[in-house]
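Novice: If you scroll down you'll find the structure; I have some questions about it.
Every read-out reported here was derived from the displayed coordinates using simple, explicitly stated rules and does not represent laboratory data. From a predicted model like this one, the values you see are computed outputs, not experimental measurements. With ideal geometry, Cβ positions are generated from the backbone for all residues, glycine too; neighbour counts draw on all protein chains shown.
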Amino acid sequence: MSLLFTPVEIGSLRARNRLWVAPMCQYSSTDGMPNTWHLTHLSSFASGGAGLVMTEATAVSPEGRISPDDTGIWNDQQRDAWAPIASEIRSRGALAAIQLAHAGRKASTWSPLKA
């Protein structure tokens, strides 16, 4: 069997395989809030057998977003909105991970899909 399909342990975490979903910006949130699109999109990778599902770049402050449509985790409401998504990913057998992000001087208030 290929090593790709074998479990891997990192510290106390164990992924069922080495197929990991890389973060992909979806530009699908309003005010940084993840929504049902994120739940469906991300949990589908776990259902498909991925060992780890990484969220899109998730801003740590509103000023640091790549675009105004990016997800965030700078307030309690956003944190709470991510919880059921992470739970659903885990319930389907994958590890859930988040890519914390700050765009620095490249931060934008213009949506790349609406400009």
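Novice: Got a sec? How would 56, 88, 63 order by Cβ neighbour count within 10 Å, fewest to most?
Specialist: Listing 56, 88, 63 from fewest to most nearby Cβ atoms yields 63, 88, 56.
Novice: Return one number: the angle in degrees, 0 to 90 and rounded to the nearest 10, between the long axis of the Cα atoms of helix 76-91 and the longest principal axis of the Cα atoms of the chain.
Specialist: With both axes taken from Cα atoms, the answer is about 20 degrees.
Novice: Could you tell me which residue out of 36, 22, 2 lies farthest along the dipole of the chain toward its positive end? Charges go on the beta carbon: Lys and Arg +1, Asp and Glu -1, centred on the Cα centre.
Specialist: 2
Novice: When averaged across all projection directions, what area in nm² does the alpha-carbon convex hull of the chain cover?
Specialist: 7.9
Novice: Restricting things to alpha carbons, tell me how big segment 44-102 is in terms of Rg and Dmax, in Å.
Specialist: So, for segment 44-102, Rg and Dmax equal 12.1, 35 Å respectively.
Novice: Could you tally the net charge around residue 25, taking each other residue with its Cβ under 9 Å from the Cβ of residue 25, Lys/Arg +1 and Asp/Glu -1?
Specialist: Result for the neighbourhood of residue 25: -3.
Novice: Right, here's the next one. Take every DSSP beta bridge with both residues inside the chain and express the antiparallel ones as a percent of the total, to the nearest 5.
Specialist: Numbers: 4 of 14 bridges.
Taking every DSSP beta bridge with both residues in the chain, the antiparallel ones total about 30 percent.
Novice: To the nearest 500 deg cm²/dmol, what mean residue ellipticity at 222 nm is calculated for the chain from DSSP H runs of n ≥ 4 alone, each contributing -39,500 (n - 2.57), summed and divided by the residues?
Specialist: Calculated at 222 nm, the ellipticity per residue is -8000 deg cm²/dmol.
Novice: Tell me the net charge near residue 9. Cut-off is 12 Å between Cβ atoms, residue 9 excluded, with +1 for each Lys or Arg and -1 for each Asp or Glu.
Specialist: Its environment carries a net charge of +3.
Novice: How far is helix 36-47 tilted off the main Cα axis of the chain, in degrees rounded to 10, range 0 to 90?
Specialist: 20
Novice: By per-residue mean of other Cβ atoms within 10 Å, what is the highest-first order of 65-75, 34-44?
Specialist: Final packing ranking: 65-75, 34-44.
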